[in-house]
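Single-structure report; data block below.
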Amino acid sequence: MVSDRTPITVPSAAPVAEARPHAFTVHDRTITDDYAWLKAENWRAVLKDPAALPDEIGAYLKAENAYADAALAPVAELRKTLVAEMRGRIREDDSGVPEPDGPFAYYTRHRDGGQHPLVCRRPRTVVVIPGQGAETAAEGGPEEGEVILLDGDHEGAGLAFFEIAAAVHSDDHARLAWSADTNGSELHTIRVRDLETGLDGPDRIEATTGEVVWTKDGGAFHYVALDDNHRPARVMRHRLGTAQAEDLLVYEEADSGFFVHIEETQSGDYLAITASDHETSEVHLLDRAGADAVPRVVQPRTPLLIYSVENWGPHLFILTNAGGAVDFKIATARIETPGLEHWSDVVPHRAGVMIRHQHVIAEHIVRLEIENARPRIVVRDMAGSEHVVAFAEEAYSLSLQPGHEFETAVIRFTYSSMTTPAETYDYDCVTRSRQLRKRQAIPSGHAPQDYVTRRLFATAPDGETVPISLLHRRDLALDGTAPLLLYGYGSYGTLMPAAFRTNLLSLVDRGFVYAIAHVRGGTEKGWNWYLDGKREKKPNTFSDFVACGRALIEAGYTAQGNIVAHGGSAGGMLMGAVANLAPELFAGIVADVPFVDVLNTMLDADLPLTPPEWPEWGNPAESVAAFETILSYSPYDNVAPKAYPAILALGGLTDPRVTYWEPAKWVARLRATMTGGGPVLLRINMEAGHGGAAGRFDRLEEVGLIYAFALLAVGRAER
């Protein structure tokens, strides 16, 4: 049992949400929801304007915020200290590595004290580098010919929330289409800036995903429009100087379960329109040079067939799971005969080696693949010769950065580990040489040798081995007395990288062990690792996480009741599930924008994400089996009369992904049902959505809150 003793005390009684029973019947089962009233009937209006929130609900959320603030008042100074530490590890005038494109190099940077990025360019310095011809070397500092194309600090001034989604220059470098969200609801507005005058034109496109792909002539661009239920459903072409109402419909998705996404192929030849859910995809290609071009389907959607496409002249390279390639393969076809029946393998499928990404440039196909939670880059020339870009550490993170250009032999990647700050390299695929372009600076100092990163494995109840990535100070006594923060996600096939995160040092330097549980539902061990953590197998995600906690206890890294669990979004559902499943393991649980009301959400087809989520969780309205499975683990529906650890639930009022009422309802039911433990705290950001605060320093305030709660939960708030 969880002890009633907790280091967190509260000075006043918690807010009480009135129980207003709402009963409904599904598959002859009657479900009663006492807190359904916390879902605003006008939720669509609230996404557009938070002021539309009904007064009664607003008053309740504000009371919850005040209660959480009072409970965490004893760590107010600790929070300030944590934020100052974390800010001290950020180079405030940091700059990205410039990406060459024609006569310019484009990059983002920040100014001292700035919250938002500056989008910049400067003239490209061209030199000849062996093996790659004309290419960009080190372009110098921002002072050398820099032009600020978009000043995020200026555009966001005076706004409670501001986040740039995209800034895309036209092929002729004359214009910049940029999009931003101003209330956290992911309703992005697109504007177009003349790069000679620096002024935005009259074009203003509302209610979009923020994605932009220009036509080659620079006179128009494509974007994705959201429908009335906040779903990306239509691809539109906007001709500059015309009204949004006059935009041309290029593609419309009829299935509410498929979301639409657009991107430019690396070659620049095509606009790729992808319609997909979590297990099926369909790609249409549109010639960017054709003024009246129409999209052409590559392979009509086929249930459970996933694919993405790049082109190399008239050839397509297709990353796909076709033909039983569970961990994906790369096939090729001619663009005039793109269908599945014409696909032939270039990189065959290898079970357990998952190809996560392909990058096609002038003479090479580069792929990022992962095996047993270790990523690697493989370079293949068009003649079929391959080599691996190797790395030495036991656990690390690796990412490819596509860049703007196609006619190059250079790729860019970023490497880090839990002890090693991020390093960005340019790699010559011909000479096999790498050039360090940037090493992440830690102004307050960082000594990697003072820390240890390890890869461990836990044994799940069914015998599967679950990877764990681990970080702690080298001088930490591994005698079981250390507190441990255990992070998990485990959904949608998302991989949790063992990357360097400066913020974590504020916990680790205070004696915490930090661990990532690479549970099923991700793809750390291939696509089957994902399949074993979805729909009817979703409970594996939860039992894996608990197994990781117990394995870390058995290995002497921590003790029962000295673990703080942390997860967000679908990982927040994991937090709610393990709180019900094994509350005795945890001193505290942080559930960030937690998807905890799974059954009610999956039964509500009007919510933005529900139809596309059915392949992930199952459709409980149509399937009795899916209904019973979801009901068996949905955190909100399984709150029980027992002791729970201290819980901090965080949400965003304008969140279209995990709506604010999910954590609000969960907290209300927990308080009304639990028999001991706690406290249970709810903090709703009334000015943000799913990602929380947008400014880079404002985000630190939220991290400081989480870390102060974790330290308080394990009785180390004095450190």
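Quick note: the coordinates plus some simple rules give every number you see, no bench work behind them. This structure is a prediction, so every number in the text was calculated from the model and none was measured. Every residue, glycine as well, gets a Cβ built from its backbone with ideal geometry; the counts of neighbours run over all protein chains shown.
If I stretch the segment between residue 91 and residue 353 completely, what's the gain in nm (0.36 nm per residue apart, minus their alpha carbon distance), one decimal?
On the way: separation 262, 0.36 × 262 = 94.32 nm, distance 3.69 nm.
Extra length from residue 91 to residue 353 when fully extended: 90.6 nm.
What is the gain in length, in nm to one decimal, between residue 56 and residue 439 on full extension, counting 0.36 nm per residue of separation less the C-alpha to C-alpha distance?
On the way: separation 383, 0.36 × 383 = 137.88 nm, distance 5.07 nm.
Gain on extension, residue 56 to residue 439, equals 132.8 nm.
Rank by packing, highest mean first: peptides 270-283, 28-41, with packing defined as the count of other Cβ atoms within 10 Å averaged across residues. Please report the intermediate quantities before stating the final value.
Details: 270-283: 21.2, 28-41: 15.9.
Averaged packing, sorted descending, gives the order 270-283, 28-41.
Which value at 222 nm does the chain reach when only helices count, each DSSP H run of 4 or more adding -39,500 (n - 2.57), with the total divided by all residues and rounded to the nearest 500 deg cm²/dmol? Provide the component values of the computation, followed by the final result.
Working: 13 runs with 132 residues, N = 719.
Calculated at 222 nm, the ellipticity per residue is -5500 deg cm²/dmol.
Inverting the mean 1/r over all pairs of different Cα atoms, compute the Kirkwood radius of the chain and quote it in Å.
Numbers: mean 1/r = 0.0372 Å⁻¹.
Result for the chain, one decimal place: 26.9 Å.
What list of ³J(HN,Hα) values in whole Hz, one per residue of region 516-521 in order, does the Karplus curve 6.51 cos²θ - 1.76 cosθ + 1.60 (θ = phi - 60°) give from phi, with Gly and Pro shown as x?
10, 8, 8, 6, 4, x
Tell me which of 303, 37, 565 sits at the most positive position along the dipole axis of the chain, charges placed on C-beta atoms (Lys, Arg +1; Asp, Glu -1).
Result: 565.
With a cut-off of at most 12 other beta carbons within 10 Å, and DSSP calling the residue loop, which trypsin sites (Lys or Arg not before Pro) in region 339-438 qualify? Please list them. Present the calculation step by step, with values, prior to reporting the outcome.
On the way: sites: 350, 356, 367, 376, 380, 412, 432, 434, 437, 438; in loops: 350, 432.
Listed in order of number, the matching sites are 432.
Name the residues whose placed amide hydrogens come within less than 5 Å of the amide hydrogen of residue 106, ignoring near sequence neighbours (fewer than 5 apart) on the same chain.
Amide H to amide H, under 5 Å and 5 or more residues apart or across chains, residue 106 pairs with 99, 101.
Please arrange 426, 203 by how many other C-beta atoms lie within 10 Å of their C-beta, fewest to most.
203, 426
Relative to a virtual label point 7 Å from the Cα of residue 28 in the Cα→beta-carbon direction, which members of region 627-655 show backbone nitrogen distances below 16 Å?
Under 16 Å, as judged by backbone N against the label point of residue 28, lie 627-628 of region 627-655.
If each of residue 294 and residue 144 carries a label point 7 Å out from its Cα toward its Cβ, how far apart are those two points in nm?
The two pseudo-label positions are separated by 5.0 nm.
Can you work out the Karplus-derived ³J(HN,Hα) for every residue in region 384-395? Use 6.51 cos²θ - 1.76 cosθ + 1.60 with θ = phi - 60°, whole Hz, and x for glycine or proline.
x, 7, 10, 8, 9, 8, 9, 9, 9, 5, 6, 9
In degrees, nearest 10, range 0 to 90: what is the angle between the Cα axis of helix 661-673 and the longest Cα principal axis of the chain?
20
Going through the cross-link list 537/642; 62/534; 537/665; 216/525; 48/216, which pairs have a Cα-Cα distance over 29 Å in this structure? List each step's numbers first, then the result.
Values: 537/642 26 Å; 62/534 35 Å; 537/665 26 Å; 216/525 40 Å; 48/216 33 Å.
Pairs exceeding the cut-off: 62/534; 216/525; 48/216.
Which FRET efficiency value, to the nearest 0.05, is calculated for residue 49 and residue 383 with the Förster distance at 60 angstrom and r the Cβ-Cβ distance?
Values: r = 58 Å, r/R0 = 0.97.
E(calc), rounded to 0.05, equals 0.55.
Pairs of alpha-carbon atoms within less than 8 angstrom and 6+ residues apart define the contacts here; what relative contact order does the chain have, in percent? Could you put the intermediate results ahead of the total?
Working: 1731 pairs, mean separation 87.2, N = 719.
So the answer I get is 12 percent.
So, in nm, how far is label residue 246 from label residue 326 when the simple model puts each one 7 Å beyond its Cα toward the Cβ?
So the label points at residue 246 and residue 326 sit 5.5 nm apart.
Can you work out the FRET efficiency for the pair residue 229 and residue 173, with r the C-beta to C-beta distance and R0 = 41 Å, to the nearest 0.05? Before the final figure, lay out the partial values.
On the way: r = 37 Å, r/R0 = 0.91.
Once rounded, the FRET efficiency stands at 0.65.
What's the Kirkwood radius of region 306-351 in Å, using all Cα pairs? All intermediate terms of the calculation are to be shown ahead of the outcome.
Working: mean 1/r = 0.0964 Å⁻¹.
Computed over Cα pairs of region 306-351, the Kirkwood hydrodynamic radius comes out at 10.4 Å.
Would you grab the residues whose amide H sits under 5 Å from the one on residue 458? Only those 5+ places off in sequence or on another chain, please, with H modelled 1.01 Å from N.
For residue 458, whose amide H was placed from the backbone, the distant partners under 5 Å are 466, 468.
For residue 153 and residue 194 in the same chain, what is the full-extension length gain: residue separation times 0.36 nm, less their Cα-Cα distance, in nm? Let's see the in-between values first.
Values: separation 41, 0.36 × 41 = 14.76 nm, distance 1.90 nm.
Working it through step by step, the gained length comes to 12.9 nm.
Can you list the residues, at least 5 places off or on another chain, whose amide H is less than 5 Å from the amide H of residue 349, using H built in the peptide plane?
Here nothing satisfies the definition.
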